[in-house]
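The values are calculated or read from the model by the stated rules, or taken from the named source; none is laboratory data. Note that this is a predicted model, so its numbers are computed, not measured. No Cβ is skipped: glycine too gets one built from the backbone with ideal geometry, and neighbour counts run over all protein chains shown.
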Amino acid sequence: MPTTSSRLLTLLSLLGARPRWSGGELSDRLGVSTRTLRRDVESLRGLGYPVSVLKGPSGGYRLDPAGGLPPLLLDDEQAVAVAVALQTAPTSVSGLGDAVARALTSLKQLMPARLRAEAEAMNVTAIRNSWEFPAPPIPPDTLRTVGHAVRNRHLLRFDHLTPDGRRPEPGDPDFAPPVRAEAHHLVVWAGRWYLVAHVPADSAWRIYRVDRIHAHAPTGVGFRPRRLPASDVAGYVMTTHDRGDTPAHWQCTGTAVMDLPADVVARWAPGGSVVEFVDAARSRITLGAWSWAGVAGLLATFDADVSDVEPAELRDACRTIARRYDRAGR
């Protein structure tokens with residue numbers, strides 16, 4: 001059985017991980033009786049931790065948000081997990097490289113020697129795969145402003161940048177007045193940050209790439225949350241073709257019209273591709289790879305007829321692959 005002090009740390013960690021626990025669940029996780037659990041809860045209270053006992057049939061225990069917690073509240077497995085995550089997390093926000101290194105150093109300094117040795121044994125080198133299609137990193141100020149608007153349910157006012165990152169000025173063909181949108185959700189998918197918002201001026205839901213947002217000062221204007229036009233936010237983002245995506249930079253980039261609806265193609269298209277609506281049964285996809293055969297191969301993964309294939313090099317690659325697989329089929 002673990003010592004009382006280590007058991008209290010585990011109990012505190014469990015209470016911080018969920019808003020509510022039943023006594024039976026906590027007893028099972030700690031491997032102690034309900035009587036010992038009650039004593040441990042009283043011990044935490046004596047140390048100043050605000051643990052509430054919830055009454056009724058569905059009662060249990062809860063760690064109240066009020067009250068000071070220590071700067072590090074992690075058990076052994078969590079501490080090592082955070083150390084590994086800091087080393088392997090994709091860099092999608094600009095300027096965080098030094099902060100990540102300092103956070104990892106601070107974390108190791110707080111660890112006991114035994115755990116520090118285990119974390120240092122997990123020293124890894126993360127190498128980006130070419131298929132990750134990284135998006136331009138987001139300025140931390142932009143992410144903070146958008147995140148605050150989502151959390152506080154405030155209208156967000158911003159300029160929508162062009163695909164090459166320009167902020168159009170008046171007189172520019174791409175110029176448009178600032179967007180005023182109800183910021184509902186932030187979603188990260190395929191290394192890209194998306195804002196799911198409702199635009200009152202259009203009475204429509206929109207998805208914006210956060211790296212293409214130039215946020216203005218906070219408006220402080222609240223809004224009432226709306227019901228999403230889909231059952232869940234993840235599915236909505238993945239199946240919406242018009243989400244501000246831009247083509248990744250590849251040696252070879254081509255386009256084709258595919259006999260599949262845009263929401264299906266958007267769900268399964270690789271990151272760094274762009275999907276456009278043609279009609280209810282067809283869509284146009286723009287995507288790239290390191291060779292024309294690679295682009296043709298990606299088109300083939302959709303198992304659908306294609307037409308209007310551009311450029312000529314991509315059509316040649318399609319013919320070459322067709323002959324190659326015809327021989328393989330025989």
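Summary table below
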read-out: Candidates Ala149, Ala181, Ala176, filtered to the one that is in contact with a strand residue (DSSP E or B) (Cβ under 7 Å, 6 or more places away or on another chain), over 22 Å from Ala234 (Cβ atoms) and small (Gly, Ala, Ser); value: Ala176
read-out: Pairs, first closer than 10 Å to Leu8 by Cβ and surrounded by 11 or more Cβ atoms within 10 Å (Cβ to Cβ) in the range 42-59, second modelled with pLDDT of 80 or more and charged (D, E, K, R), C-beta under 9 Å, six or more apart; value: Tyr49/Asp64
read-out: Exclusive hit being among the acidic types (Asp, Glu), at pLDDT below 95 and surrounded by fewer than 21 Cβ atoms within 10 Å (Cβ to Cβ), set Asp279, Asp242; value: Asp242
read-out: Unmet requirement for Ser43, which otherwise passes all of (1) in contact with a Pro (Cβ under 9 Å, 6 or more places away or on another chain); (2) over 20 Å from Glu77 (Cα atoms); (3) not aliphatic (A, V, I, L, M); value: (1)
read-out: In the range 19-41, residue nearest to the chain's Cα centre (by Cα) [restricted to those that are exposed (fewer than 13 other Cβ atoms within 10 Å of the Cβ) and not in a helix (DSSP H, G or I)]; value: Pro19
read-out: Counted residues, the range 226-268 - those being out of contact with any His (no Cβ under 7 Å at 6 or more places or on another chain) and in a loop (DSSP other than H, G, I, E, B); value: 22
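A quick yes/no check of all residues on (1) at pLDDT below 85; (2) part of a strand (DSSP E or B); (3) under 18 Å from Thr246 (Cβ atoms):
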position: Arg144; (1), (2), (3): no, no, no
position: Ala149; (1), (2), (3): no, no, no
position: Leu156; (1), (2), (3): no, yes, no
position: Asp164; (1), (2), (3): yes, no, yes
position: Pro173; (1), (2), (3): no, no, yes
position: Ala176; (1), (2), (3): no, no, yes
position: His184; (1), (2), (3): no, yes, no
position: Val187; (1), (2), (3): no, yes, yes
